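Beneath this line is the structure, given in structure tokens, with notes to follow.
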Amino acid sequence: MAEAAGVSTATVSYAFSRPDRVSAEARARVLTVAGELGYAGPDAKGRSLRTGRTGAVGVIFTTGLTYAFTDPYVTAMLAGLAEALEPSRTSLVFIPFGEVNAGMAPDEVRRSVDAVHRAMIDGAVADGLDDDHPAVRVLAERGIPLVRSNETAAGPSVVIDDRQAGRDVGRHLAGLGHRDIVALVATPHEPGRVVEVTGQTPLFPYSRLRLTGLRESLPADTRLRVISGGSNSALAGQVAARAVLHGSERPTAIAADSDVLAAAVAGVARERGLWLGAGLSLTGFDDQPVAAELGLTTVRQPVHRKGFLMGRMLVDPGAERGRITLPTELVVRRSTGPAPSVRLGE
């Protein structure tokens, strides 16, 4: 190849991997000859073995790869991550890992662990994985830098104060007189099921912290039920909402731990002839575009910024490597109002 182009082997290598190191004329000559010879460039695997780098960052998904293209929180986080990686031409690798909380069979765990072992990446990001998660342990064994976005994570992380956000929601609902509240959370359980929260209950770290904050901020006489929202999808949220809003056990307020679940509740409430903010109060989390459309009271968190900072920690040598805590804000809209039996100010 080098001989045919009349250049050195180093020039050929630079033409593909470091074009700034050769003249435009030399690179054009190399690429023209490469095309004539059917040469696609240096072997990526061989190059990574020589340099010790792959030029790629992995994203661990425990909810299925299709979730990355449908959930607004994940798409916003990935957009921020991609923005941080783009200047360095770093690639994104999606790595599926079965949902451990759902009770994976041993062979499923092995397949998922193997996927993390085989991934050709220089670093990884993960959302909602505890320190003892198998994927976290595998990456540590491989010496792969990992950045996470949950408060319980050891090592580099970009987080929000989920517990304080839960307190903010609880104080808001309590101040409106609500004493019968349902917390709707994403879990591996079927939607609509009552969740008895103990130390062994399979909850995502963020859900557990938000529930803790919610409980801390509610008066002692409050009836708080925790209901599974299933897989945090619109369909699962609708199933859960129908169960919650059926019959005489209907709460006066529902605190959902995502805008996706809250939007599903809003749709079912309309079916039942319930007015949000009057017959039923509803809160969400994230402040995705759908929240403003629905007039949803929700917790705003900078999801895009979170993804960007996670990516920068991996590719920017000058970036902070500790823990970054981003601010949240309770955005009050028309979906919350006084409990039906309460008239504030009277």
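The values are calculated or read from the model by the stated rules, or taken from the named source; none is laboratory data. Bear in mind the structure is a predicted one, so any value in this text is a computation, not a measurement. Quick reminder, even Gly has a Cβ in these numbers, built from the backbone with ideal geometry, and neighbours come from all protein chains shown. All accessible areas refer to the heavy atoms of the entire protein, side chains included, with ligands and DNA or RNA removed. Shrake-Rupley method; radii C 1.70, N 1.55, O 1.52, S 1.80 Å.
Among the protein heavy atoms of segment 66-150, carbon and sulfur supply 54% of the accessible surface, probe 1.4 Å, non-protein parts ignored. Listed values for segment 166-181 are Karplus-derived 3J(HN,Hα) couplings in whole Hz (6.51 cos²θ - 1.76 cosθ + 1.60, θ = phi - 60°), namely x, 4, 4, 5, x, 5, 5, 5, 4, x, 8, x, 6, 10, 10, 10, and x replaces Gly and Pro. All other residues whose Cβ lies under 14 angstrom from that of Leu294 are scored, Lys and Arg at +1 and Asp and Glu at -1, for a net of -1. Extension gain, Val113 to Thr152: 0.36 nm times the residue separation minus the Cα-Cα distance gives 11.9 nm.
When its C-alpha radius of gyration is set against 2.2 N^0.38 Å (N residues), segment 128-230 gives a value of 1.24. Once you reduce segment 203-277 and segment 156-200 to the center of their Cα atoms, the two points are 9 Å from each other. For Ile254, the amide hydrogen comes within under 5 Å of the amide hydrogens of Val182, Ser281, Leu282, Thr283, counting only partners 5 or more places away or on other chains and with H modelled in the peptide plane.
In this structure, Glu196 and Ser341 have a Cβ-Cβ separation that, at R0 = 41 Å, corresponds to a calculated FRET efficiency of about 0.90. The label point for Thr9 and the one for Thr75, both projected 7 Å from the Cα toward the Cβ, are 4.8 nm apart.
Would you please classify the overall shape of segment 193-258 from the alpha carbon gyration tensor, given that a ≥ b ≥ c denote the square roots of the eigenvalues, rounded means a/c under 1.5, and beyond that prolate means a/b larger than b/c while oblate covers the rest? Oblate, since a/c reaches 1.5 and b/c is not below a/b.
Computed from point charges on the beta carbon alone (+1 for Lys and Arg, -1 for Asp and Glu), the dipole magnitude for segment 265-346 about its Cα centre is near 60 Debye. What the Cβ-Cβ distance of Asp130 and Glu329 gives, at R0 = 30 Å and to the nearest 0.05, is a FRET efficiency of 0.65.
Each peptide in 249-259, 233-243 was scored by the mean count of other Cβ atoms within 10 Å over its residues; highest first, the order is 249-259, 233-243. In this rough spin-label picture, where each label sits 7 Å from Cα along the Cβ direction, the Thr66-Arg215 distance is 3.5 nm.
For Gly58, the residues whose modelled amide H falls within less than 5 Å of its own, excluding neighbours fewer than 5 places apart on the same chain, are Val93, Asp122, Gly123, Ala124, Val125.
When the alpha carbon gyration tensor of segment 100-173 is reduced to an equivalent ellipsoid, its three semi-axes come out at 29, 16, 8 angstrom, largest first.
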